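The values are calculated or read from the model by the stated rules, or taken from the named source; none is laboratory data. Everything numeric in this text was worked out from a predicted model, so none of it was measured. Positions of Cβ are generated from backbone atoms using ideal geometry, with glycine treated the same way; all protein chains shown enter the neighbour counts.
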Amino acid sequence: MSKMEPCPWCLGHEEYIRYHDNEWGVPSHDPRHLFEMLILEGAQAGLSWLTILRKREGYRRAFDGFDVERIAAYDDGDVKRLLADAGIVRNRLKVAAAIDNARVTLELESGEGLSELLWSFVEGEPVQNRWRSLEQVPASTPLSDRMSRELKRRGFRFVGTTICYAFMQSVGMVNDHLLNCPRHKEVAGL
């Protein structure tokens, strides 16, 4: 049996190690956390996840703790405020998408809700992958393709299939810790 060691992608930066060891892959059904991660994964498009992790507190502050109702009510003044905030990624399309995504999320609350919708793609249970190397881990899957199509159909933005798969990994819808990572077994038991 090979030596147990953390997933290699997290090595080299304390922020990555902390995120890997405490959050990545842990199943979350909390609507606010799911919304936060959906926005952060969209914000990451074209950037490194480390950049987003370092700006996460800035996002929480700038976006009212990811309070969907407050964000859905943002107006042009809020957009200007956000585009001037160095604590987040100041990209007009990504800021607008976060606001639009909050509005779509609010609409979902009258029905199934964000958590139920997102977890329906894995039938409510995390997919337990058994990868042995980073090269085996896909950037997207048929499940993330389906999620992306459905979220776009409902009006979500910045939810391409690669973003959706990264989201699924981050919130524990899929367990993509490598088999020789101690977190694989820990996360599988949650």
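Inside the stretch 42-57, can you point out the residues that are of a type outside the set (A, V, I, L, M) and surrounded by fewer than 15 Cβ atoms within 10 Å (Cβ to Cβ)?
Of all residues in the stretch 42-57, those of a type outside the set (A, V, I, L, M) come to 42, 44, 46, 48-49, 51, 54-57.
Hits for the stretch 42-57 are G46, S48, T51, R54, E57.
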(request) Filter the stretch 138-154 down to residues that are in a helix (DSSP H, G or I) and of a type in the set (G, A, S) and give me whichever is surrounded by the most Cβ atoms within 10 Å (Cβ to Cβ). (result) S144
(message) Can you pull out every residue in the stretch 147-161 that is without any contact (Cβ under 8 Å) to a residue 40 or more places away in the chain and touching a helix residue (DSSP H, G or I) at 6+ places or on another chain (Cβ under 9 Å)?
(response) M147, S148, R149, E150, L151, T161
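Looking at G87, G77, G65, which is the one that is at positive phi and at pLDDT 95 or above? Write out each step before concluding.
Working: G87 fails: at positive phi; G77 fails: at positive phi.
Testing whether each residue is at positive phi and at pLDDT 95 or above leaves just G65.
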(message) Filter the stretch 121-137 down to the residues that are surrounded by fewer than 16 Cβ atoms within 10 Å (Cβ to Cβ) and of a type outside the set (A, V, I, L, M) and list them by number.
(response) E123, G124, E125, Q128, R130, R132, S133, E135, Q136
(request) Could you tell me which residue of the stretch 111-120 is surrounded by the most Cβ atoms within 10 Å (Cβ to Cβ), considering only residues that are touching an Asp or Glu at 6+ places or on another chain (Cβ under 9 Å) and touching a residue at least 40 places away in the same chain (Cβ under 8 Å)? (result) W119
